[in-house]
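S.K.: Take a look at this one; I'll ask things after.
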Amino acid sequence: MEEIKVFCPATIANVSCGFDVLGLALDSVGDEMTIRKTSEKGIRITKIIGQDLPLETENNVAGVAGLAFLEKSSYQGGFEIEIDKRIKPGSGIGSSAASSSGAVWAMNELLGRPFTKLELVQFAMQGEKLASDVAHADNVAPAIYGGFTLVRSYEPLDIIPIPTPSELYATVIHPQIEIKTSDSRKILKTTISMQQGIRQWGNLGGLVAGLFQNDYDLIGRSLHDHIVEPIRSILIPAFDDIKANALKAGALGSGISGSGPSIFALSKGEEIAQKVAESMKETYQTIGVDFDIHISKVNRQGIKKIA
Ligand code: HSE
């Protein structure tokens, strides 16, 4: 195989109680990328459509992730990358992660899978480092593994895939403002109290248990974030109203998607996810905030070949 076209899913990181460690992949929104082998060494970004992003390899998240891949590979050639960017940068649904993980996943396929998924996550994390100053894995891991993933440890990197209950749907609304992850990290405190820790790890354990047990009520009871959400939500238009109305419409829980400004809700079944979407839309329409909205099943497969 000389060329491959892949779908790279958007992702929801943190999922309320799992800051920097939990994430999930979406089905209905993502980028498309075409990767081609070249005899010339190195990585060349030949085309980006949909968004104005840097073509220079060292300044592009897919380029940087690709270089990390090549450095560990015995392959003597290089790759060309074309990106059809459908996820808006700064939206909070893993735009940079889709590009960086899509690039390395596709290269791995073209070379007959020399690397494990865990190694691909490590390469893709270099793209996250470029985009947000921190090599967090909570978007790239679900993009590569699919479903929900837990980063149990960063050093050494340990990714735990978590089963996804079959009726779980996500609704994500993106108010049309851009928030850079690097900026929304700067406003966070660097310490938490013991009491905040206790609440947060109780909920994280509850959420993981709920996902394993297909216990939707437990999932709902656990979707809280007492540490990051109160700080970051100030940057997001009508966050409290969107969340309150989503819960009223039947969502199991709701919170900030990644570093925002997108807001997500999880629901049991597509019908409720649709009602949640209506309530979110109405909230923004009433106050005149422009938005994009997505309803998606949790994507269990992750990045996939489409041509
Ligand atoms: N865990 C990261 C953060 C995700 O919240 O900053 C960024 O998408």
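Values in this text are rule-based calculations from the coordinates and carry no lab data. It should be emphasised that the depicted structure is a prediction, and the values quoted were computed from it without experimental measurement. We place every Cβ from the backbone using ideal geometry, glycine too, and count neighbours over all the protein chains shown.
S.K.: Could you work out the relative contact order of the chain, using alpha carbon pairs under 8 angstrom and six or more residues apart, expressed as a whole percent?
M.R.: Values: 764 pairs, mean separation 75.6, N = 307.
Computed over the chain, the figure is 25 percent.
S.K.: Work out the length of the dipole vector of segment 71-133 about its Cα centre, built from +1 on the beta-carbon of each Lys and Arg and -1 on the beta-carbon of each Asp and Glu, and round it to the nearest 20 debye. Please report the intermediate quantities before stating the final value.
M.R.: Values: 7 positive and 8 negative charges, 36 e Å.
Magnitude of the dipole: close to 180 debye.
S.K.: Once amide H atoms are built 1.01 Å from N in the peptide plane, which residues 5 or more positions from Asp27, or in another chain, come under 5 Å H to H?
M.R.: Correct list: Lys297, Asn299.
S.K.: Calculated from DSSP H runs of 4 or more alone, at -39500 (n - 2.57) each and per residue, what is the 222 nm mean residue ellipticity of the chain, nearest 500? Intermediate values should be presented prior to the final figure.
M.R.: Numbers: 10 runs with 115 residues, N = 307.
Using -39500 (n - 2.57) per qualifying helix, the result is -11500 deg cm²/dmol.
S.K.: In addition: Using only alpha carbons, build the gyration tensor for segment 60-172 and give me the equivalent ellipsoid semi-axes, biggest first, whole Å. If you can, show how the numbers build up before the last one.
M.R.: Working: eigenvalues 100, 56, 39 Å².
Semi-axes from the Cα gyration tensor: 22, 17, 14 Å.
S.K.: OK, next. Which ³J(HN,Hα) values in Hz, rounded to whole numbers, follow from the phi angles of segment 108-117 under the Karplus curve 6.51 cos²θ - 1.76 cosθ + 1.60, where θ = phi - 60° and Gly and Pro get x?
M.R.: Result, ordered by residue: 4, 5, 5, 9, x, 6, x, 10, 7, 4 Hz.
S.K.: Another question, then. Which entries of Lys37/Lys88; Lys243/Lys305; Lys129/Lys248; Lys85/Lys243; Lys37/Lys186 have Cα-Cα distances beyond 32 Å here?
M.R.: Details: Lys37/Lys88 27 Å; Lys243/Lys305 35 Å; Lys129/Lys248 38 Å; Lys85/Lys243 28 Å; Lys37/Lys186 39 Å.
Over 32 Å apart, Cα to Cα: Lys243/Lys305; Lys129/Lys248; Lys37/Lys186.
S.K.: On a full-extension model of 0.36 nm per residue, what is the gain between Asp52 and Ala307, subtracting their alpha-carbon distance, rounded to one decimal in nm? The partial results should precede the final answer.
M.R.: Numbers: separation 255, 0.36 × 255 = 91.80 nm, distance 2.48 nm.
Result: 89.3 nm gained on full extension.
S.K.: While we're on this one: With r as the distance between the Cβ atoms of Gln285 and Ile187 and R0 = 22 Å, compute the FRET efficiency 1/(1 + (r/R0)^6) and round to 0.05.
M.R.: On the way: r = 28 Å, r/R0 = 1.29.
For R0 = 22 Å, the calculated efficiency reads 0.20.
S.K.: Can you give me the three principal axis dimensions of the chain from its C-alpha atoms, in Å, biggest first?
M.R.: 57, 40, 36
S.K.: Any idea how far apart Ser74 and Asp215 come out in nm if each label point goes 7 Å out from Cα toward Cβ?
M.R.: Output for this residue pair reads 4.9 nm.
S.K.: Scale the Cα Rg of segment 12-84 by the rule-of-thumb value 2.2 N^0.38 Å and send over the ratio, two decimals. Numbers along the way, then the final one.
M.R.: Numbers: Rg = 15.0 Å, N = 73, 2.2 N^0.38 = 11.2 Å.
Normalised Cα radius of gyration, segment 12-84: 1.33.
S.K.: Quick one: Karplus J couplings for segment 283-290, per residue in order, coefficients 6.51, -1.76, 1.60, θ = phi - 60°, nearest Hz, x for Gly and Pro?
M.R.: For segment 283-290, the Karplus curve yields 4, 6, 4, 4, 9, x, 9, 6 Hz.
S.K.: Just to be sure I understand: with springs between alpha-carbon atoms less than 10 Å apart, which residue in Glu71, Glu119, Glu155 has the highest mean-square fluctuation in the Gaussian network model of the chain?
M.R.: Per the Cα network of the chain with a 10 Å cutoff, Glu155 tops the list.
S.K.: Read phi for every residue in segment 262-275 and hand back ³J(HN,Hα) as whole Hz from Karplus 6.51 cos²θ - 1.76 cosθ + 1.60, θ = phi - 60°, with x for Gly and Pro.
M.R.: 4, 10, 10, 9, 10, 9, 8, x, 5, 4, 5, 4, 5, 5
S.K.: For Val15, which sequence-distant residues (separation of 5 or more, or a different chain) have an amide H within less than 5 Å of its own amide H, given hydrogens modelled in the peptide plane?
M.R.: It is Gly258, by chain and number.
S.K.: Moving on. If you put +1 on each Lys and Arg Cβ and -1 on each Asp and Glu Cβ, how big is the dipole of segment 138-228 around its Cα centre, in Debye rounded to 20?
M.R.: Values: 7 positive and 9 negative charges, 67 e Å.
Once rounded to the nearest 20, the dipole reads 320 debye.
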